[in-house]
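Each remark here refers to the structure printed beneath this line.
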Amino acid sequence: MRLRPASVRPSRLAVVLLALATCGPAIAQDAPHVAVNGGPLVGKTATVSGVALQEFLGIPYAAAPVGPLRWKPPQPVAGWNEPRKATAFGPRCMQLPLFGDMVFRSRGMSEDCLYLNVWTPAAPAAAKRPVLVYFYGGGFVAGDGSEPRYDGASMASKGLVTVTVNYRLGVFGFLAAPGLAAESPQHATGNYGLLDQVAALRWVRDNIARFGGDPARITIAGESAGSISVSALMTSPLSRQLIAGAIGESGALIAPIAPQPRAAAEATGSAFMAQLHADSIDALRAMPAQALLQATDPQARPAFDFAPDVDGLFLTEAPAETFAHGEQAKVPLLLGSNSQEGFYPAILHDRPPTPANYRAALDALFGDRAAEALRLYPGATADEVKRSATALAGDLFIAHSTWRWMELHRRSGGQPVYFYYYAHPRPARYHPAPGERPDTGAVHSGEIEYALGNLDGNAVYAWTPVDRVVSRTMQGYFAQFVRRGDPNRAGLPAWPAVRESRGGITRQTIDADTRTGIDRGAARQAFLRDFLASHRNPLR
């Protein structure tokens, strides 16, 4: 999985520079250039907020995982000698069009998708710059580093070197099968998409100094599946020494999103192969990528869930166990979730939010523990039902896993943990559907554009001055955390690290009025932890 060491000698570099100066109108003479381990790159320039930047897009960090490399750990990229244009995003990884809010700038879709993108300030750095590596969300089945909401230019304008990474998805990234385990020297199977992320981090470590970045100051970040990835990368023996900080937006690889046992993942893979009448891994590798993709359509029956597992290579145990042992990356952590990760109809199955309907729903979800659930998520009035059922839906979806990550790392990580509650709803759409109203809370993924400074990249919403204030605050926190491992700086509301206070723990509410508050939800989170230890997630 390690990429080949740097091999650019002074004589080769001279050839590269000559080629850049004489290659004609296809490459501007003032275009930025850099030589990485694979070969020379030519990027492009941009200006954001008055800051001159250099952008290098579509950089291959591993070989194309096609043919015999399908379902293999990422392999070293083949080198090149001629200057390679890095001015457009590479292809996105194979995926179905499952999410309507995803907008791609990629060059189509392909199995050949292991590319990353780098944005860096153009001015020479007085010191090596901190690095942000961001992993997209999409449930491990969709997403791409080219999405405008993840664009790295705004963060680069704050003095960071910013990187987005493509990684394999769905059946291509997470198929596990006995035949694949037999091929592996470690008898590992699954998690190829997470192994891609490790390969990208190694590429960043080995090459980022050439873009002005400091390989000793890499902060990893992501939202949803990207956040889940960050929690896993903190615990993997392959990656926990590569990072200096971590940011998680909604999600961790901890119950109710814990990794599958390898045997369960292999059983899913074997059933998938049987469905396709593939009697061997070679037969499965011979199938067209599009046919494999269509066979994973969630509308198909049976439906297959390809997700992270304890594969024996990337993960040797569940992340919750690693955190409990204190063997994770001992780095500062900033994380949180949103006020409307779920919504009350998911609990009530679209029945009216009456106390009676709510109690019946809790009976169905929690059985003989329903009364305990009702005490922790009370519902004596319709308004209280809406609030509590929304909180419960969000917890069972993703907020509980985030809370447990926070609690585990603050107890065993030996580094500050900064916990947030994002509560600012997006504004109205420019062109709402008839009868459509703005969200009442901060929905899942609704913070991304604010955190990365990319409101203007989303033309769907009618952003207001208040939205821009919230974005400046949240982006300011994120950028400062990447710089220092602490989000606090002059001009931002003070944000204390998590500590016990007034019967709860400190937590930063990020909204139009950003402030420090107290999270008193430990009892309900303990209830869910204990319930989920012996039951499946009742919403799945």
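Couple of notes before you dig in:
- Residues satisfying the stated conditions in region 328-362, i.e. of a type in the set (Gly, Ala, Ser) and free of Cβ contacts under 8 Å to residues at least 24 places away in the same chain: Ala356, Ala360
- Taken together, the residues in region 521-540 that are surrounded by 13 or more Cβ atoms within 10 Å (Cβ to Cβ) and modelled with pLDDT of 95 or more amount to 10.
A quick yes/no check of all residues on (1) in a helix (DSSP H, G or I); (2) out of contact with any Pro (no Cβ under 7 Å at 6 or more places or on another chain); (3) within 23 Å of Leu69 (Cα to Cα); (4) at pLDDT 95 or above:
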site	(1), (2), (3), (4)
Gly269	yes, yes, yes, yes
Ala274	yes, yes, yes, yes
His277	no, yes, yes, yes
Gln299	no, yes, no, no
Asp311	no, yes, yes, yes
Glu317	no, yes, no, yes
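- Residues being at pLDDT 95 or above, closer than 28 Å to Lys158 by Cβ and either among the small types (Gly, Ala, Ser) or touching an Asp or Glu at 6+ places or on another chain (Cβ under 9 Å) (or both) - total across region 102-126: 11
- Restricting region 86-118 to residues that are under 18 Å from the mean Cα position of the chain (by Cα), hydrophobic (A, V, I, L, M, F, W, C) and not in a loop (DSSP other than H, G, I, E, B), the residue that is surrounded by the fewest Cβ atoms within 10 Å (Cβ to Cβ): Leu116
- Residues (polar (S, T, N, Q), in a loop (DSSP other than H, G, I, E, B) and either closer than 19 Å to Leu315 by Cβ or in contact with a helix residue (DSSP H, G or I) (Cβ under 7 Å, 6 or more places away or on another chain) (or both)) located in region 142-199: Ser184, Gln186, Thr189, Asn191
To keep it simple, each residue is scored yes or no on (1) at positive phi; (2) charged (D, E, K, R); (3) at pLDDT below 95; (4) part of a loop (DSSP other than H, G, I, E, B).
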| site | (1), (2), (3), (4) |
| --- | --- |
| Ala21 | no, no, yes, no |
| Ile27 | no, no, yes, yes |
| Asp30 | no, yes, yes, yes |
| Val34 | no, no, no, no |
| Ala46 | no, no, no, no |
| Leu57 | no, no, no, no |
| Ala63 | no, no, no, yes |
| Lys72 | no, yes, no, yes |
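- In region 218-245, the residues that are part of a loop (DSSP other than H, G, I, E, B) and of a type in the set (Val, Ile, Thr): Ile243
- Residue that is surrounded by the most Cβ atoms within 10 Å (Cβ to Cβ) [pool: residues in region 451-475 that are closer than 12 Å to Ser154 by Cβ and in contact (Cβ under 8 Å) with a residue 60 or more places away in the chain]: Leu452
- Residue match in region 340-348 (condition: over 27 Å from Ala263 (Cβ atoms), within 25 Å of the chain's Cα centre (by Cα) and surrounded by fewer than 18 Cβ atoms within 10 Å (Cβ to Cβ)): yes
- Scanning region 372-382 for any residue that is more than 18 Å from the chain's Cα centre (by Cα), over 21 Å from Ala533 (Cα atoms), free of Cβ contacts under 8 Å to residues at least 24 places away in the same chain and not assigned by TED's automatic domain parsing to the domain that holds Ala252 turns up at least one such residue.
Results for (1) surrounded by 22 or more Cβ atoms within 10 Å (Cβ to Cβ); (2) of a type in the set (Asp, Glu); (3) in contact (Cβ under 8 Å) with a residue 60 or more places away in the chain; (4) not assigned by TED's automatic domain parsing to the domain that holds Val417, shown as yes or no for each residue.
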residue	(1), (2), (3), (4)
Ala267	no, no, no, yes
Ser280	no, no, yes, yes
Asp305	no, yes, no, yes
Asp309	yes, yes, yes, yes
Phe323	yes, no, yes, yes
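- The residues of region 246-265 that are touching a Lys or Arg at 6+ places or on another chain (Cβ under 9 Å) and buried (at least 24 other Cβ atoms within 10 Å of the Cβ), listed by number, are Ala252, Ile254.
Per-residue answers, yes or no, for (1) in the same structural domain as Met102 (by TED's automatic domain parsing); (2) under 14 Å from Asp519 (Cβ atoms); (3) surrounded by fewer than 23 Cβ atoms within 10 Å (Cβ to Cβ); (4) touching a helix residue (DSSP H, G or I) at 6+ places or on another chain (Cβ under 8 Å):
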{"position": "Trp403", "(1), (2), (3), (4)": "no, yes, no, yes"}
{"position": "Ser412", "(1), (2), (3), (4)": "no, no, yes, yes"}
{"position": "Pro432", "(1), (2), (3), (4)": "no, no, yes, no"}
{"position": "Glu436", "(1), (2), (3), (4)": "no, no, yes, no"}
{"position": "Asp439", "(1), (2), (3), (4)": "no, no, yes, no"}
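- Verdict on Pro237 being surrounded by fewer than 24 Cβ atoms within 10 Å (Cβ to Cβ) and either within 15 Å of Gln328 (Cβ to Cβ) or in the same structural domain as Ile398 (by TED's automatic domain parsing) (or both): yes
- Counted as qualifying within region 351-445 are the helices (runs of 4 or more DSSP H) with 2 or more residues that are among the basic types (Lys, Arg), namely 382-394, 400-412.
- Looking across region 131-156, the residues that are surrounded by fewer than 24 Cβ atoms within 10 Å (Cβ to Cβ) and not hydrophobic (A, V, I, L, M, F, W, C) come down to Gly138, Gly139, Pro148, Arg149.
- For region 387-442, the set of residues classified as hydrophobic (A, V, I, L, M, F, W, C) and either at pLDDT below 95 or within 29 Å of Pro355 (Cβ to Cβ) (or both) consists of Ala389, Ala391, Leu392, Ala393, Leu396, Phe397, Ile398, Ala399, Trp403, Ala423, Ala433, Ala442, listed by residue number.
- Summed over region 465-510, the residues that are on the phi > 0 side of the Ramachandran plot and in a helix (DSSP H, G or I) give a count of 0.
- Test: Tyr358 is of a type in the set (Phe, Trp, Tyr), touching a Leu at 6+ places or on another chain (Cβ under 6 Å), within 25 Å of Asp519 (Cβ to Cβ) and at pLDDT 95 or above: no
The values are calculated or read from the model by the stated rules, or taken from the named source; none is laboratory data. It should be emphasised that the depicted structure is a prediction, and the values quoted were computed from it without experimental measurement. All Cβ positions, even for glycine, are placed from backbone atoms using ideal geometry, and neighbour counts span all protein chains on display.
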